[in-house]
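The values are calculated or read from the model by the stated rules, or taken from the named source; none is laboratory data. Small disclaimer: the values here were computed from a predicted structure and weren't measured. Neighbour counts run over all protein chains shown; Cβ positions are idealised from the backbone, glycine included. Just the protein is used for accessible areas: all its heavy atoms, side chains included, with ligands, DNA and RNA removed. Shrake-Rupley method; radii C 1.70, N 1.55, O 1.52, S 1.80 Å.
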Protein chains: 2
Amino acid sequence: MAKDLPVSPLAVPLPELPAIGGVRFATAAAGIRYRGRDDVLLASFAPGTTVAGVFTRNKCPGAPVTWCRDILPGGTARGLVVNAGNANVFNGAAGAAAARLSAEAAARTLGCAPEQVFLASTGVIGEPMPAERIVAVMDGLAADLAPERWAQAARAIMTTDTFPKASTRTAKIGGVEVRISGIAKGSGMIAPDMATMLAFIVTDAAVPAATLQALLRRGVGPSFNSITVDSDTSTSDTVLLFATGAAGNPPVEDARDLAAFRRALNAVLHDLALMVVRDGEGARKLIEINVAGAVSARSARRIGLAIANSPLVKTAVAGEDANWGRIVMAVGKSGEPADRDRLAVAIGGVWMARDGRVVEGYDEAPVVAHMRGSDIRIDVDLGLGRGRGRVWTCDLTHGYIDINGSYRS
Amino acid sequence: MAKDLPVSPLAVPLPELPAIGGVRFATAAAGIRYRGRDDVLLASFAPGTTVAGVFTRNKCPGAPVTWCRDILPGGTARGLVVNAGNANVFNGAAGAAAARLSAEAAARTLGCAPEQVFLASTGVIGEPMPAERIVAVMDGLAADLAPERWAQAARAIMTTDTFPKASTRTAKIGGVEVRISGIAKGSGMIAPDMATMLAFIVTDAAVPAATLQALLRRGVGPSFNSITVDSDTSTSDTVLLFATGAAGNPPVEDARDLAAFRRALNAVLHDLALMVVRDGEGARKLIEINVAGAVSARSARRIGLAIANSPLVKTAVAGEDANWGRIVMAVGKSGEPADRDRLAVAIGGVWMARDGRVVEGYDEAPVVAHMRGSDIRIDVDLGLGRGRGRVWTCDLTHGYIDINGSYRS
């Protein structure tokens, strides 16, 4: 069972999320694993809602991921069922049947096809999924649907997250204001499981499914695909974006009509992704890594992730040690083009190494002060090209070992 | 400075290493960083000694690595200088000059060319290398050279290793007995540096340099290149193999003449590599991961390393939790071909998951007992092909955070 973890020192308050036309939520305590809290979320979408999704690249995905991938080409969504406590991963044919059972129950109450109901589960791996407990609460959930239940929704999907995560923005499409709101869950641990990231974003904009998918796929690159807590990729990672169309904006003609929408969407994705890092297991510091001068943007991002995933860099930050030598090591091990004698490294904006050697007499005082803060910035300049990238991670602390190395009871 | 770390619970005793014809050692306290201990090793090789080497793939290698790579094609070695406390990494042109200075000093006392003197340094990164301190002790070292000083040599190269590492074997070439002995240092931490692996192996066999290089390159695959402590690749990793020829074995005609030699060499490499893992930072358990049924040996090794580098797998082992769900996750994230519904996982020889689901009613008692031991075995069968691989790692504990996350003083 999840332990009572102290709230992350990097937590941010839950914003006020106004209702969005075309979506309603309800949550319930189905007792899948947790006791005394809501662990199932049902979302209902208005007819005509379009949907986009991106999923884990893990080759052993959970049954809900497979289900969502299969129905996504339909492009429309009427329902979403999310549960916490059981990941429905590695359950064979029984897992697929459990997923279908949940979708069918929701479809019956919502009056739609099962293939219009999206699913996500996080929690224990390899334990039979008690879908009948979700079925049992479905009628109550349907009767309870209401548009303003964002905060409840954000809490019901948590596993060992230490704070609920949500973000909201507005934008205009063809002069009509539309809203984009999202919730996410991140890196918490339920033995015997791993950290899993889920995010659900809803907008009242009317956007065709194919356009929505393109926006989401591009949007996750600099947000959810640029964060890492411990380099481990969950079997259940899922980001879904629903567009209800209730705002009544004029039809989208081309990509330029969506420039403001895209910015607002990317801002929500960015907010949610950073909240996941801020709640990384045992995190005490948020680390932003900016890579410039790489041979390409792709190379810059890979170098950034090599730094972000280096246990030695992460423990150094935990120890408030401005250890640029470990950053050099991580750049070198990334396998990406790098020239030792052109490399420069800054921490907290102070360039400590340049042209392959330490900067003689750099001012250490601001670096020391920066390392004591909770937001750490690392800059690396490869000096080779114009490729840039930015990634985020958190430090590696005793808290991570506590959460993940505790005896299974 | 290095702290006094408790000796690893996985430590193995230093074996008795007999003298090997054609090599002599001396150690001295040069005061490069440590006080009150020997920190420089000089080895002298008989004329005609051949040499092979493999080095870190890190793109930001230290000056000694660059030096060795440059002189290796010469194929002969007369000297080896190793220091602990300063890695001579990221020191620009001054680093290269310091390396040359050390090699020249050794060459003068040994009566050879500087290009016959191999170098290795581990310790602080980005701090000027005080090569003059090595030069200052060189005459004393040369006067003190003696064949039996293996144990001193093994200790002089340690940084924060908690025990000295050595291994020895014999084999026959053309009816003549030859000996192979080696020393290594592993994963210790000196702020602001990273774990670094060095190994030096000497044999009295007469083996041409090209043959030696082929043997070493193949030998490091299943040994040093199949171990990982924390996925971070040092800028200084170096394995050197010297063959003095003093045993007087007949000339090697073809690879078959060396079958026994190769086995003995591989055994020494294997011993040393596992000792490095046994002294992994904070290690309390040695983990052996066997992967079978992969599409190729290369794929099997990559899957093994994905498991071995997973912080979630390593913390689970630290917590004595037989968490096969995390192993499934690590297989899936490796990017290698895998089929969720054919995958099988065993811990301690007990198959807990098979055909994509938990094995109903498997006997948990022997698994629990196995997890309490210090040698953990994980088996994974992909069920796809005949590719096999084996890798080793250690668990991830609070000790790792203590060692690497401590404040820089």
Hey, any hits in region A:240-253 for a residue that's surrounded by fewer than 19 Cβ atoms within 10 Å (Cβ to Cβ), in contact with a strand residue (DSSP E or B) (Cβ under 9 Å, 6 or more places away or on another chain), part of a loop (DSSP other than H, G, I, E, B) and among the aliphatic types (A, V, I, L, M)?
yes
Here is a list of conditions, (1) out of contact with any Asp or Glu (no Cβ under 6 Å at 6 or more places or on another chain); (2) assigned to a helix (DSSP H, G or I); (3) open to solvent by 10 Å² or more (accessible area, probe 1.4 Å); (4) modelled with pLDDT of 95 or more, and A:I71 meets all of them except one; can you say which number that is?
(1)
Scan A:G245, A:G219 and give me the residue that is within 13 Å of the chain's Cα centre (by Cα), away from every other protein chain (no Cβ under 14 Å) and either modelled with pLDDT under 95 or on the phi > 0 side of the Ramachandran plot (or both).
A:G219
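Say we look at region B:132-153 and pick out the residues that are surrounded by 20 or more Cβ atoms within 10 Å (Cβ to Cβ) and over 25 Å from the mean Cα position of the chain (by Cα); which of these is nearest to the other protein chains (Cβ to nearest Cβ)?
Looking at the filtered set, the residue picked out is B:R133.
Does B:V40 satisfy the criteria of being open to solvent by less than 20 Å² (accessible area, probe 1.4 Å), under 13 Å from B:T159 (Cα atoms) and touching a residue at least 24 places away in the same chain (Cβ under 8 Å)?
Taking the combined requirement at face value, the residue satisfies it.
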Exactly one condition in (1) open to solvent by less than 10 Å² (accessible area, probe 1.4 Å); (2) modelled with pLDDT of 95 or more; (3) not aliphatic (A, V, I, L, M) is not met by A:G62; state its number.
(2)
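Could you please give the count of residues in region A:384-401 that are at pLDDT below 90 and more than 8 Å from every other protein chain (Cβ to nearest Cβ)? Full working, then the answer.
Restricting attention to region A:384-401, the residues satisfying the condition of being at pLDDT below 90 are A:399-401.
This time we only want the ones that are more than 8 Å from every other protein chain (Cβ to nearest Cβ), so: A:399.
Total meeting the criteria: 1.
Would you pick out the residues in region B:266-315 that are of a type in the set (D, E) and either surrounded by 24 or more Cβ atoms within 10 Å (Cβ to Cβ) or more than 19 Å from B:H370 (Cα to Cα) (or both)? Even if it seems obvious, please write down each step before you answer.
To start, the set of residues in region B:266-315 that are of a type in the set (D, E) comprises B:271, B:279, B:281, B:288.
Of everything in region B:266-315, those that are of a type in the set (D, E) and either surrounded by 24 or more Cβ atoms within 10 Å (Cβ to Cβ) or more than 19 Å from B:H370 (Cα to Cα) (or both) turn out to be B:D271, B:D279, B:E281.
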State whether the residues of region A:358-376 include one that is of a type in the set (A, V, I, L, M) and within 25 Å of the chain's Cα centre (by Cα).
yes
Selection over region A:207-222 where residues are in a loop (DSSP other than H, G, I, E, B) and surrounded by fewer than 24 Cβ atoms within 10 Å (Cβ to Cβ) yields a count of 3
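Residues B:L101, B:L17: which one is open to solvent by 10 Å² or more (accessible area, probe 1.4 Å), in contact with a Phe, Trp or Tyr (Cβ under 6 Å, 6 or more places away or on another chain) and not in a strand (DSSP E or B)? Before you say what the answer is, go through the steps one by one.
Values: B:L101 fails: in contact with a Phe, Trp or Tyr (Cβ under 6 Å, 6 or more places away or on another chain).
Going through B:L101, B:L17 in turn, the sole match is B:L17.
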Within region B:275-286, can one find any residue that is within 12 Å of chain A (Cβ to nearest Cβ) and touching a strand residue (DSSP E or B) at 6+ places or on another chain (Cβ under 6 Å)?
yes
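Going by the conditions given, is A:A318 touching a helix residue (DSSP H, G or I) at 6+ places or on another chain (Cβ under 9 Å), touching a residue at least 60 places away in the same chain (Cβ under 8 Å) and crowded, with 21+ Cβ neighbours inside 10 Å? Give the derivation first.
On the way: touching a helix residue (DSSP H, G or I) at 6+ places or on another chain (Cβ under 9 Å): yes; touching a residue at least 60 places away in the same chain (Cβ under 8 Å): yes; crowded, with 21+ Cβ neighbours inside 10 Å: yes.
Against the criterion (touching a helix residue (DSSP H, G or I) at 6+ places or on another chain (Cβ under 9 Å), touching a residue at least 60 places away in the same chain (Cβ under 8 Å) and crowded, with 21+ Cβ neighbours inside 10 Å), A:A318 qualifies.
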Just the residues that are open to solvent by less than 20 Å² (accessible area, probe 1.4 Å), within 16 Å of A:A294 (Cβ to Cβ) and more than 8 Å from chain B (Cβ to nearest Cβ), please, taken from region A:324-376.
A:I327, A:A344, A:V345, A:A346
Selection from region A:20-48 of residues that are of a type outside the set (A, V, I, L, M) and in a loop (DSSP other than H, G, I, E, B):
A:G21, A:G22, A:G31, A:R33, A:Y34, A:R35, A:G36, A:R37, A:D38, A:D39, A:P47, A:G48
Would you confirm whether any residue within region B:117-128 is over 29 Å from B:S223 (Cβ atoms), touching a helix residue (DSSP H, G or I) at 6+ places or on another chain (Cβ under 9 Å) and buried (at least 24 other Cβ atoms within 10 Å of the Cβ)?
yes
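Would you confirm whether or not region B:294-305 contains a residue that is assigned to a loop (DSSP other than H, G, I, E, B), within 22 Å of B:S234 (Cα to Cα) and within 12 Å of another protein chain (Cβ to nearest Cβ)?
Applying the first criterion (assigned to a loop (DSSP other than H, G, I, E, B)) to region B:294-305 yields B:295-296.
With the extra rule that they be within 22 Å of B:S234 (Cα to Cα), the set shrinks to none.
No, every residue in region B:294-305 fails to be assigned to a loop (DSSP other than H, G, I, E, B), within 22 Å of B:S234 (Cα to Cα) and within 12 Å of another protein chain (Cβ to nearest Cβ).
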Identify, from the list B:S236, B:S231, B:S167, the residue that is closer than 26 Å to B:T56 by Cβ, surrounded by fewer than 24 Cβ atoms within 10 Å (Cβ to Cβ) and of a type outside the set (F, W, Y).
B:S231
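For residues that are part of a loop (DSSP other than H, G, I, E, B), open to solvent by less than 20 Å² (accessible area, probe 1.4 Å) and touching a residue at least 40 places away in the same chain (Cβ under 8 Å), tally how many sit in region A:377-408. Lay out the reasoning, then the answer.
Restricting attention to region A:377-408, the residues satisfying the condition of being part of a loop (DSSP other than H, G, I, E, B) are A:382-386, A:395-397, A:405-408.
Pick out the ones that are also open to solvent by less than 20 Å² (accessible area, probe 1.4 Å) and you get A:382, A:395-397, A:405.
Those left that are additionally touching a residue at least 40 places away in the same chain (Cβ under 8 Å): A:382, A:395-397.
Of the residues in region A:377-408, 4 are part of a loop (DSSP other than H, G, I, E, B), open to solvent by less than 20 Å² (accessible area, probe 1.4 Å) and touching a residue at least 40 places away in the same chain (Cβ under 8 Å).
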Please indicate, with yes or no, whether at least one residue in region A:79-98 is farther than 21 Å from A:T56 by Cβ, under 26 Å from the mean Cα position of the chain (by Cα) and open to solvent by 50 Å² or more (accessible area, probe 1.4 Å).
no
